[in-house]
Amino acid sequence: MKESMGMSKPGWWGRFQAKNPIWLLVVAAILTSIYTTNDGHILHNIIVSSDPFTAVMAYLTLGGWVGLGINWLLCQTPAGKLIDPSFEQIKGIDKKAQMSAILAGVIGAASTLFMLWGSQIYDPSVVLPLSNA
């Protein structure tokens, strides 16, 4: 019935999500703890500056460039088919959707900035849980 209405069957990832929501939450929690630990490690041991705000801005700029590179790789090359076999290409979106995406990006960048900045100034074991709450 779904296929006759133009809807395709979910892939293996969609079936996994539908059948295993608890495992999905556990995997998300583990990955979140890994990347926040990695953020703290990078900001305390690799990108070091006398000014915490400068270190955070350097890290966010570097992260933005890496994100753009990964986005280009997955959206403009056949590598995107590895994640979603039905992916064709990114098509233009209307102005309202563009403004929503820009606003979401600005809010996400600002919250990340304040979380990383706070973990530079204060104890990360206190800042990170509070920022997630």
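Based on DSSP H segments of at least four residues, each scored -39500 (n - 2.57), the chain has a per-residue ellipticity at 222 nm of -23500 deg cm²/dmol.
MET57 exposes around 80 Å² of accessible area when a 1.4 Å probe is run over every protein chain in place.
Which of rounded, prolate or oblate describes the range 26-75 when judged by the alpha-carbon gyration tensor and an a/c cut-off of 1.5? Oblate is the answer for the range 26-75, as a/c is 1.5 or above yet b/c matches or exceeds a/b.
Name the shape class, rounded, prolate or oblate, that the alpha-carbon gyration tensor gives for the range 68-121, where a ≥ b ≥ c are the square roots of its eigenvalues, rounded holds for a/c under 1.5, and otherwise prolate holds if a/b is larger than b/c and oblate otherwise. It is oblate, given that a/c is not under 1.5 and a/b is not larger than b/c. By the Stokes-Einstein formula, at 1.306 mPa s and 10 °C, the chain with its Kirkwood radius over alpha-carbon pairs has D equal to 88 µm²/s. Listed values for the range 80-91 are Karplus-derived 3J(HN,Hα) couplings in whole Hz (6.51 cos²θ - 1.76 cosθ + 1.60, θ = phi - 60°), namely x, 5, 5, 8, 9, x, 8, 5, 9, 6, 7, 9, and x replaces Gly and Pro. Scanning the chain for trypsin sites (Lys or Arg not before Pro) that sit in a DSSP loop and have at most 12 other Cβ atoms within 10 Å, the longest stretch containing none of them is 3-90. Report the residues of the range 8-30 in range of a label on ASP84: point 7 Å along Cα→C-beta, backbone N strictly under 14 Å from it. Zone members listed by number: 8-14. On full extension, the segment bounded by SER33 and SER131 gains 34.0 nm, given 0.36 nm per residue less the C-alpha separation.
The values are calculated or read from the model by the stated rules, or taken from the named source; none is laboratory data. As the structure is a computational prediction, the values presented were derived from the model and not from experiment. Virtual Cβ from ideal backbone geometry, glycine too; neighbours counted across all protein chains shown. Accessible surface areas use protein heavy atoms only, side chains included; no ligands, DNA or RNA. Shrake-Rupley method; radii C 1.70, N 1.55, O 1.52, S 1.80 Å.
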